[in-house]
Amino acid sequence: MSAALAGLIPVFLIIAAGWLTRASGLIPRENWAPITKLAYWVMFPAMLFTLISRIDFESLGAGAFVAATALGFAAMGVIALAMRLLMRGVDGPAYSSFFQGSVRWNGFVLLAAAPFVFGPEGETLAALVFAPTVPLVNVMCVGVLSVWGAHGGPSPGQFALRFVTNPLIIASVSGAVWALFGLPSEGVVFDALEIIGRAGLATALLGVGAGIDITKLRARPRLLAIAVAMKMMVMPVVLWLAAQLFGLEPLATAVLVAAGGVPGAASAYVLARELGGDAELVAGHVTATTLVSLIILPIVIALTAPA
């Protein structure tokens, strides 16, 4: 068994446990919303802050990594926009959900797997992927929903408020500022934040599993297949090309490409429902990419991870 596969098995087992708890009725579907909300607003930001605040930006070559990440995800947005020219028969809400599926990624899965697969430095790089992608992806998705969503996008004021209060953006930016100023990142407060963050990873993975719903795969199967291919096949290649362009080291390249092999993000469903996207298509995409990632993620890691 490869080291990559061995490192991913615990992650996939936790996802399977989340599906079992929901499918068995032990924790009904409606009870998962507050659980995942707690992870999103409290637990996961705590982990992001503790990881990013300890980054040595100079020794890690963080500048090139962040630039490659931003370019790769922006390129995916451009490709998804270009695909609109080939989808004239697809209605606006469905296209907006296709776009979200093409660019959104589930960072919980990568952060959970990174320590086992890439080691401590890889875990730090996995956290750093969030710094450019959270604001960039949110701006792109809200922009597309403003044009093609059934409800239109939020007002500039509403969008600005949502942007500055996004817990992942706050955690990423404050962690980066903390690290750049060399502020102390040890002590009881950081220990508490680290414990909260570790709990958040498990909670988030259980939530990923609970969100698997095979019945959602019936929503626009052809368009769904294209969206899954964009996320699980095109994105890893685009991110690899971005890594080559910036001359990233093998470990940084592997972490960035792995971000392309993780499932789509369930947060896309919430945004589609709020702004008039095709929520059923998004739900099908999250389920399909979660299942496909069982195959794709070990492959992309095995192909790119340093020996």
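Laid out as a table, the results:
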| item | result |
| --- | --- |
| Test set (1) over 16 Å from F108 (Cα atoms); (2) in a helix (DSSP H, G or I); (3) touching a helix residue (DSSP H, G or I) at 6+ places or on another chain (Cβ under 8 Å); (4) touching a residue at least 24 places away in the same chain (Cβ under 8 Å) - E274 fails condition number | (3) |
| Residue that is touching a helix residue (DSSP H, G or I) at 6+ places or on another chain (Cβ under 7 Å), within 30 Å of A252 (Cβ to Cβ) and of a type outside the set (K, R), where the choices are G92, G107 | G107 |
| Breaking point among (1) crowded, with 20+ Cβ neighbours inside 10 Å; (2) closer than 27 Å to P135 by Cβ, for I226 | (1) |
| Among (1) within 30 Å of D91 (Cβ to Cβ); (2) touching a residue at least 12 places away in the same chain (Cβ under 8 Å); (3) part of a helix (DSSP H, G or I); (4) of a type outside the set (K, R) - the single one G264 does not satisfy | (3) |
| Looking only at region 30-68, and only at residues there that are modelled with pLDDT under 85 and in a loop (DSSP other than H, G, I, E, B), the one that is surrounded by the most Cβ atoms within 10 Å (Cβ to Cβ) | I55 |
| Single unsatisfied condition, L241 versus (1) surrounded by fewer than 22 Cβ atoms within 10 Å (Cβ to Cβ); (2) at pLDDT below 95 | (2) |
| Filter result (over 30 Å from A202 (Cβ atoms) and not aliphatic (A, V, I, L, M)) within region 60-92 | G61, G63, G77, R84, R88, G89, D91, G92 |
| Options L71, L125, L145; residue that is under 22 Å from A283 (Cα atoms) and either modelled with pLDDT of 95 or more or under 20 Å from the mean Cα position of the chain (by Cα) (or both) | L145 |
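The values are calculated or read from the model by the stated rules, or taken from the named source; none is laboratory data. As the structure is a computational prediction, the values presented were derived from the model and not from experiment. Using ideal geometry, Cβ is built from the backbone for each residue, glycine included, and neighbour counts are taken over all protein chains shown.
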